[in-house]
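S.K.: Shown below is the structure under consideration.
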Amino acid sequence: MDLKKSSSVEHGIFTEKVNTIRAAYKTEDKKIIVSHIGELDQRKINTLSSLVEAQLEHLKVSKTTTKKIFNVVIEVLQNIALHGENVGADEIPLNYLLVARNTSDFVVYAGNAVPNGIVKKLEERLKRIQSFSTFELKKQYMDVLTNGSLSEKGGAGLGFLTMALKAHEINFDFINLNDEYSLFSIQLKVLR
Amino acid sequence: MTRFELEETSNTPHIVFDSEANKFSIEGKSFPEDSKEFYRRVIDWMEQYKAEKPAAISLSFNLFYLSSSSIISVKQLLLKLVDLQNQGTKVSVTWKYDHDDDDIKKTGEDYQQLTKLNFVYKVNV
């Protein structure tokens with residue numbers, strides 16, 4: 001197998017996904033306000049979250065909405081930093097973050113590579129979360145808060161619940177990259 | 001006990017634990033890269049403080065933001081205060097928040113419900 005070729009196949013799929021999202025945001029009232037592709041460490045997370053805050057302030061977005069978006073951005077980025085996998089021979093971190101503004105809402109798009117082995121479990125978990133009412137989400141949240149502790153990796157199981165509580169809508173999809181990995185993408189809509 | 005202080009950074013709060021000055025406060029933003037690691041020292045300090053059997057402690061929080069993993073770590077810190085209370089220390093938690101910040105206020109209420117500690121809520125002016 002030509003490893004160099006194979007990592008460019010994954011990269012091609014990844015780029016196509018990001019470009020598809022970008023293509024929807026090319027007018028005055030639909031724009032990408034923050035964008036990041038690639039390596040994510042805490043320093044980068046700090047920079048990106050500050051940038052999001054600054055952009056929202058510039059757009060005169062309410063404090064409540066700004067906090068929600070900030071919250072969602074931190075959660076997706078820390079999730080990627082914790083769980084994202086580097087793919088292929090070149091060990092490319094196939095991560096992306098796009099924050100987009102529409103007239104009546106903001107959408108946070110984020111993605112990272114995940115091992116194929118966890119796709120089914122992740123899909124089931126997110127479908128369950130999608131199906132919960134706000135009441136059920138809060139109950140789940142309190143359950144994890146009461147009984148939860150931090151795993152070795154530092155995750156808490158609260159990340160997706162927090163995202164679902166802050167956002168008005170949550171969508172996701174998986175695109176197969178190769179035998180080992182898929183690109184997991186999540187979209188979180190926050191109303192203005 | 002030795003005074004404990006952590007300077008504020010872009011993603012971690014300013015923490016002061018000073019038993020002599022009777023000042024215990026946590027202020028700022030909390031989204032450390034590794035919450036477990038960051039709060040380990042903080043929780044350990046409080047664990048050691050239990051041995052001094054203080055008469056009273058009042059811990060003040062003024063957090064603008066808490067990531068989901070640091071929410072768990074702060075809970076673990078509050079559980080040390082529950083231990084102190086069970087030992088006979090008079091414990092109170094002051095939970096400060098901005099007047100329009102329902103999220104932070106609600107987080108305080110969640111903690112109160114969970115720990116049954118005495119929470120005093122204060123709106124930042």
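Just so it is clear, none of the values below were taken in a lab; they were calculated from the coordinates. These numbers come from a predicted model, not from an experiment. Heads up, the Cβs are rebuilt from the backbone with ideal geometry, glycines too, and the neighbour counts pull from every protein chain shown.
S.K.: Past the 19 Å Cα-Cα mark, which pairs from A:Lys31/A:Lys127; A:Lys44/A:Lys121; A:Lys68/B:Lys106?
M.R.: A:Lys31/A:Lys127; A:Lys44/A:Lys121
S.K.: May I ask you to derive the FRET efficiency for A:Asp173 and B:Leu114 from their Cβ-Cβ distance with R0 = 41 Å, giving the value to the nearest 0.05? Could you put the intermediate results ahead of the total?
M.R.: Details: r = 35 Å, r/R0 = 0.86.
The computed FRET efficiency comes out at 0.70.
S.K.: Still on this structure: I'd like to compare A:163-169, B:56-62: which one has the highest average count of other Cβ atoms within 10 Å, and what's the full order after that?
M.R.: Details: A:163-169: 19.6, B:56-62: 18.0.
Final packing ranking: A:163-169, B:56-62.
S.K.: Here is a follow-up. Please give the peptides A:56-62, A:29-35 ranked by average Cβ packing (other Cβ atoms within 10 Å per residue), highest first, as a rough proxy for protection. Spell out each step's value before the answer.
M.R.: Values: A:56-62: 13.3, A:29-35: 15.1.
Highest mean packing first, the order is A:29-35, A:56-62.
S.K.: Is there a simple number for the mean count of other chain Cβ atoms within 10 Å of the Cβ of residues in B:33-39, and what is it?
M.R.: 5
S.K.: Now for a different question. I'd like the distance between the alpha-carbon centres of segment A:23-86 and segment B:10-43, rounded to an integer number of Å.
M.R.: 25 Å
S.K.: Given the peptides B:101-109, B:69-77, arrange them by the average over their residues of other C-beta atoms within 10 Å, most packed first.
M.R.: Answer by packing, highest mean first, reads B:69-77, B:101-109.
S.K.: Next question. Over all residues in B:91-100, what is the mean tally of Cβ atoms on other chains that come within 10 Å of each residue's Cβ?
M.R.: 1
S.K.: Compute the distance in nm between two label points, each set 7 Å from the Cα along the Cα-to-Cβ direction, one at B:Val125 and one at A:Leu51.
M.R.: About 4.0 nm, to one decimal.
S.K.: Per-residue mean of other chain beta-carbon atoms within 10 angstrom of the beta-carbon, peptide B:56-69?
M.R.: For this peptide, the per-residue mean of nearby foreign Cβ atoms is 4.
S.K.: First check a/c for the protein assembly as shown, with a ≥ b ≥ c the square roots of the eigenvalues of its C-alpha gyration tensor; if it is under 1.5, answer rounded, and if not, answer prolate when a/b is larger than b/c or oblate otherwise.
M.R.: Taking the square roots of the gyration eigenvalues as a ≥ b ≥ c, the protein assembly as shown is prolate.
S.K.: Can I ask one more? Along each of the three principal axes of the Cα atoms of chain B, give the extent in whole Å, ordering the values from largest to smallest.
M.R.: Over chain B, Cα extents along the principal axes are 37, 27, 25 Å.
S.K.: Answer rounded, prolate or oblate for segment A:94-148, using the Cα gyration tensor with square roots of eigenvalues a ≥ b ≥ c: rounded when a/c is under 1.5, else prolate when a/b is larger than b/c, else oblate.
M.R.: Oblate shape, in that a/c is at least 1.5 and b/c is the bigger or equal ratio.
S.K.: Give, rounded to the nearest 20 debye, the magnitude of the charge dipole that the protein assembly as shown has about its Cα centre when Lys and Arg contribute +1 at Cβ and Asp and Glu contribute -1 at Cβ.
M.R.: For this selection, approximately 840 debye.
S.K.: Calculate the radius of gyration of the Cα atoms of segment A:6-68 to one decimal place, then report Dmax, the largest Cα-Cα distance, as a whole number, both in Å.
M.R.: 14.7, 45
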